Amino acid sequence: MEVEHCGEMVDYLRKNATNGAVGFDTERVAFSDGQGPNTYPAALLQLCCDHKKAFLCPLHKWQEMPQPLLELLNDPSINKVASSVAGDVTWLKKRYPDNVALQGLTGGISNDHGFIDLKRHAQTLGDEGKKSLRMNNFALETMVEHILDLSINKLIDHSYWEVRLP
C-alpha cells in the first residue's frame, strides 16, 4: 500500500471492524526481491478486520507514520488484537523513535490504547484451561484452532509482499 492511501485503509478498518476488533501484526523483514535482511524495527504492519481485505503497510518505505494510522493505533475504541503484542509495539517504536505519540503506546493483556494480547489472555486460563481446550502451546495457530475452531497457515514466502496483484 502507498502511504497516500493510508486514510482510506483506516476508514475501511473503522467501518468494518467486527466487534470493534482489528487483527494486528508486524514483521521484521524488508524484502523487495526475496533477498532482503531482517531488521529490528518493524518493516511491515499487517491489519485486517474481515475476510475481505488484509492491509500490508510497508513501514520500511515510509519516513514517518501517517497520521490516520497513528490515530488508529492510539484509539482505545478499536481493539488491536495480536499474539505477543508487546513485541509488535516495541518494533513500531524502534521504526519511528522520534514519534512522541507512538512512543506512548504500550502492549499488554489490555490497556488504554486498545491493544489485546491473545497469547497473554490464553495464558490466564492456566493449565486446567489449556488442558480443557486441548492446547499444548500458545502459538497463534494453536490458539486459533482450539479457541476459534479455525485454521491458519503461517508458512509464507515473504518475497510476495512486494508483488502487486491486479
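The values are calculated or read from the model by the stated rules, or taken from the named source; none is laboratory data. Remember, predicted model here, so these are calculated numbers, not experimental data. So basically every Cβ, Gly included, is an ideal-geometry build from the backbone, and we count neighbours across all protein chains shown.
Quick rundown of the values:
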read-out	value
Any hit, the stretch 91-99, residues being within 19 Å of residue 6 (Cβ to Cβ), polar (S, T, N, Q) and at pLDDT below 90	yes
Checking residue 42 against (1) at pLDDT below 90; (2) among the small types (Gly, Ala, Ser); (3) out of contact with any helix residue (DSSP H, G or I) (no Cβ under 6 Å at 6 or more places or on another chain); (4) part of a loop (DSSP other than H, G, I, E, B), the condition it does not meet	(3)
The lone exception for residue 112 - which of (1) acidic (Asp, Glu); (2) out of contact with any Phe, Trp or Tyr (no Cβ under 7 Å at 6 or more places or on another chain); (3) closer than 21 Å to residue 142 by Cβ it fails	(3)
Residue within the stretch 3-21 that is within 12 Å of the chain's Cα centre (by Cα), assigned to a strand (DSSP E or B) and at pLDDT below 90 present	yes
